[in-house]
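The values are calculated or read from the model by the stated rules, or taken from the named source; none is laboratory data. Computed from a predicted model, the values in this text were never measured in an experiment. Glycine gets a Cβ as well: all are built from the backbone with ideal geometry, and neighbour counts include every protein chain shown.
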Amino acid sequence: MERLTTLSSQLAFLSQFWSGGRRSVTVQTAALSVSAALLTAAPAHRLPPLLAADQPLVAALLVALLSPRSQVRAAAIQCLTKLSTAKVAKAKCALLPLVDHVTASGPELIADAGALPRCLAGAGRPAINHLVRLVVAESAS
């Protein structure tokens, strides 16, 4: 059995509760809240690797922003806001511009479950096109 000893593995485990299958709003929100607490407690140097283009965390949080429940979307924005503190190593964080763009649209995304595809389309960042396709495909299903 794998131990959840790294921040990345802990967040990957928790992401299953907010993005995997049908979960109650309480479970999704609790998993996102624990994730935000982990991100808050993490040393700043541990955040930039989570923003690499090959890491699944940002994509999982974007999927949570597609939830029909505003509580889940608000908790996902909270996590993304915590990730945006990785500005200390901006040059190494491929997804930081996307995270900044999404968090700037936080109130709109919380209020409107259909706002995420429009927000991502407005980001216009070629490096994150694969994430845009993922989220748009998820919203169509």
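Please work out which residue is nearest to the chain's Cα centre (by Cα), limiting yourself to the range 34-51 and to residues that are surrounded by fewer than 15 Cβ atoms within 10 Å (Cβ to Cβ) and either of a type outside the set (V, I, T) or not in a helix (DSSP H, G or I) (or both). Outline the logic, then answer.
Here is the first cut: in the range 34-51, the ones surrounded by fewer than 15 Cβ atoms within 10 Å (Cβ to Cβ) are 37, 40-41, 43-45.
Then drop every residue that is not either of a type outside the set (V, I, T) or not in a helix (DSSP H, G or I) (or both), which leaves 37, 41, 43-45.
Details: A37: 14, A41: 17, P43: 18, A44: 17, H45: 18 Å.
Only one residue fits best here, namely A37.
Among the residues of the range 91-104, which ones are closer than 14 Å to L61 by Cα and assigned to a loop (DSSP other than H, G, I, E, B)?
The answer is L95, and nothing else.
Under 6 Å by Cβ, and 6 or more places apart or on different chains, what pairs join a residue from the range 43-67 that is closer than 26 Å to S24 by Cα and in contact (Cβ under 8 Å) with a residue 24 or more places away in the chain with one that is basic (K, R) and part of a helix (DSSP H, G or I)?
L65/R73; S67/R73
Suppose the filter is at pLDDT 90 or above and out of contact with any Gly (no Cβ under 8 Å at 6 or more places or on another chain); does P68 pass it? Outline the logic, then answer.
On the way: at pLDDT 90 or above: yes; out of contact with any Gly (no Cβ under 8 Å at 6 or more places or on another chain): yes.
Answer is yes for this residue.
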